[in-house]
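Peer 1: Just passing along the structure, written as structure tokens.
The values are calculated or read from the model by the stated rules, or taken from the named source; none is laboratory data. Just so it is clear, the model here is predicted, and its values are computed rather than measured. As a convention, Cβ positions derive from the backbone with ideal geometry for all residues, glycine included, and neighbour counts pool all protein chains shown.
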């Protein structure tokens with residue numbers, strides 16, 4: 001079932017709606033500001049109309065239009081429409097007897113009383129399967145607004161009490177504005193039937209509001225207009241028998257012959273053929289039918305639940321065939337058994353979720369773990385692009401050309417921007433080094449020795465499971481679980497690549513995917529996406545081995561500046577923050593100004609001058625095989641500066657930083673609402689998830705900014721109060737102290753002190769050469 005919402009600002013003038021409804025195969029059209037009156041009643045083709053015009057006024061009004069169909073029926077529920085603002089309420093049932101209560105209210109921006117009445121009605125009725133689509137004029141950080149208002153505060157409190165979830169995609173719902181006020185809210189218990197919610201920013205309507213499309217798993221399954229209709233066949237890696245895989249690789253690769261006369265390219269083609277043959281023999285395939293309706297089970301659904309559900313279906317069939325008391329009792333027993341097994345499955349799933357999220361060392365790792373376990377597939381379709389002249393690009397090939405132009409056009413690599421003399425001298429030196437690369441040796445030749453089995457196994461050990469394969473289609477799990485013969489042949493191929501300084505062509509290939517950048521207000525231009533390259537696993541293994549050798553050489557010879565804290569073992573970017581902050585405070589004490597320059601290079605990775613970098617490596621002593629191999633590896637395809645995740649201001653009040661943290665933390669509260677909608681999770685587990693997702697955000701690098709203004713720091717206490725109330729199913733107005741005691745959570749002030757003490761202990765135990773330790777000793781001596 002597909003629903004479309006729009007604040008039309010006069011339905012008669014919004015003539016483009018007909019095309020949008022037809023193009024997206026909309027079943028239910030929901031409208032605010034219809035401008036309907038008794039003299040001009042709302043009409044839309046032969047659709048069934050349920051409307052609520054604004055009394056005695058030609059403006060305003062809400063309506064729901066139902067497409068003629070055989071898949072669901074709609075009945076009006078006027079008992080919920082008892083207030084003086086426009087709202088239409090329907091109960092909709094489909095053929096499978098699935099039911100939703102659809103409300104379409106309109107809340108004016110200046111009228112807080114109307115929002116209070118709407119929240120009161122939601123809280124009073126406590127309807128299950130509730131879907132609310134409307135212009136609520138409510139702003140909150142939780143659904144990606146840049147500011148908040150009273151409407152948003154009231155709605156947040158109501159959502160906590162009634163377990164509602166906002167499913168907007170984070171894009172602005174008004175044109176030429178960053179407001180997200182047209183909202184799609186759903187009950188927690190039907191979160192699993194939401195297929196997608198998309199703001200159609202590329203579709204133009206004669207209104208300053210933008211259409212929102214909500215796709216629910218009810219009625220018949222809709223085809224996706226942005227994907228192909230082809231059925232795809234894929235490897236079902238999760239059903240692979242790894243013992244059989246190991247035995248098969250032993251058998252196939254034992255007989256694989258690598259002839260000395262053949263080129264490295266032929267060797268690797270032979271390796272790929274053997275690999276594919278093993279996969280064909282061991283790994284099952286499945287056919288993904290993109291437009292075939294399928295049952296969408298919750299993420300906690302497992303084999304035990306499946307068997308219990310089958311048993312219940314079986315007893316129900318027996319009762320239909322023979323309606324006797326014994327068969328009815330069997331149904332009751334089967335239902336009870338299913339509920340017990342479902343509770344157990346949800347508890348096991350929530351335990352795993354907490355363990356995996358808790359083990360994440362960075363926000364990126366925690367978010368990745370959350371997406372995998374909740375099967376939260378980011379909708380990474382590239383939306384149509386709106387060009388500067390107003391034209392819209394819908395064609396996939398044209399969109400690909402635009403993305404390629406922006407990210408891989410190469411304009412930022414223009415050699416004419418270099419100093420001519422420097423460019424010519426460096427290029428000449430690069431050519432000379434290349435011609436003589438076979439005769440060069442490093443001072444310590446261990447870095448150019450053949451790759452060992454220990455290095456290969458160590459590199460395989462660090463592979464991440466359940467990640468996408470490169471163009472060759474080989475998954476990391478295939479290497480992790482392979483036999484000895486497989487590893488021997490792979491090592492032989494790698495060492496030949498190392499000796500000759502050549503990479504097989506397939507190692508240089510990459511599947512480039514474009515992902516949406518988080519929290520953008522529009523995804524209708526290429527800059528709202530970022531490219532990622534999915535490379536061959538073999539290439540990753542080789543690169544990691546070479547990287548470790550370079551890192552060891554660089555650290556041993558003290559090539560990197562001692563002030564560099566990022567991407568180094570036993571160092572922390574928090575040290576850099578503390579060092580900078582201490583320098584600024586030192587300036588404050590001496591009544592001096594501290595000048596700091598922050599540079600962020602656009603597309604820095606692709607902007608590197610490869611030849612110049614290789615010359616610099618040579619000058620630092622990296623020569624021979626390692627240099628030659630790197631040369632052949634073509635790499636694929638404000639006043640408040642932000643440094644390492646902390647926003648600084650001129651007087652170091654950290655007010656801007658705390659405001660930014662507040663926004664991020666509130667978005668994380670929205671994630672907890674989603675998790676509650678996925679499964680019936682015990683309170684203890686929800687508290688653990690809160691601490692991993694939210695507490696980690698509001699205490700990141702707190703040892704740097706905990707000296708901020710106490711009034712601003714108290715804003716974070718409000719986040720803690722809302723988060724704990726959400727986890728404990730208590731009113732969001734509850735006392736913070738009570739919530740912290742019940743939840744067993746440390747007050748944020750004590751948590752910040754604990755983090756500061758740990759960081760101090762870490763600095764004290766670090767090497768004497770680390771800059772922050774030197775500063776700490778100076779301060780200690782002053783005291």
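Peer 1: Got a sec? Which of 137, 123 is surrounded by 16 or more Cβ atoms within 10 Å (Cβ to Cβ) and either in the same structural domain as residue 84 (by TED's automatic domain parsing) or part of a strand (DSSP E or B) (or both)?
Peer 2: Checking each option against the conditions leaves just 137.
Peer 1: Can you report the number of residues in the range 446-488 which are assigned to a helix (DSSP H, G or I) and either in contact with a strand residue (DSSP E or B) (Cβ under 8 Å, 6 or more places away or on another chain) or surrounded by 11 or more Cβ atoms within 10 Å (Cβ to Cβ) (or both)?
Peer 2: Selection size over the range 446-488: 19.
Peer 1: Looking only at the range 739-783, how many residues end up being assigned to a loop (DSSP other than H, G, I, E, B) and under 32 Å from the mean Cα position of the chain (by Cα)?
Peer 2: So the count comes out to 4.
Peer 1: Moving on. Restricting the search to the range 20-48, which residues are over 18 Å from residue 74 (Cβ atoms) and either in a loop (DSSP other than H, G, I, E, B) or touching a helix residue (DSSP H, G or I) at 6+ places or on another chain (Cβ under 8 Å) (or both)?
Peer 2: Within the range 20-48, 24, 33, 35, 36, 37, 38, 39, 40, 41 qualify.
Peer 1: May I pose another question? Can you name every residue in the range 576-598 that is farther than 15 Å from residue 775 by Cβ and under 32 Å from the mean Cα position of the chain (by Cα)?
Peer 2: Matches in the range 576-598: 597, 598.
Peer 1: Please determine whether any residue of the range 242-255 is modelled with pLDDT under 90 and outside any helix (DSSP H, G or I).
Peer 2: Checked against the condition, which is being modelled with pLDDT under 90 and outside any helix (DSSP H, G or I), the range 242-255 yields at least one hit.
Peer 1: Let me ask you something else. Before we move on, is residue 119 at negative phi and in contact with a helix residue (DSSP H, G or I) (Cβ under 6 Å, 6 or more places away or on another chain)?
Peer 2: So residue 119 passes the test.
Peer 1: Only one of these is touching a strand residue (DSSP E or B) at 6+ places or on another chain (Cβ under 7 Å) and either at pLDDT 85 or above or not in a loop (DSSP other than H, G, I, E, B) (or both): 207, 273. Name it.
Peer 2: Answer to the selection: 207.
Peer 1: Of the residues in the range 598-629, how many are modelled with pLDDT of 85 or more and more than 30 Å from residue 443 (Cα to Cα)?
Peer 2: 0
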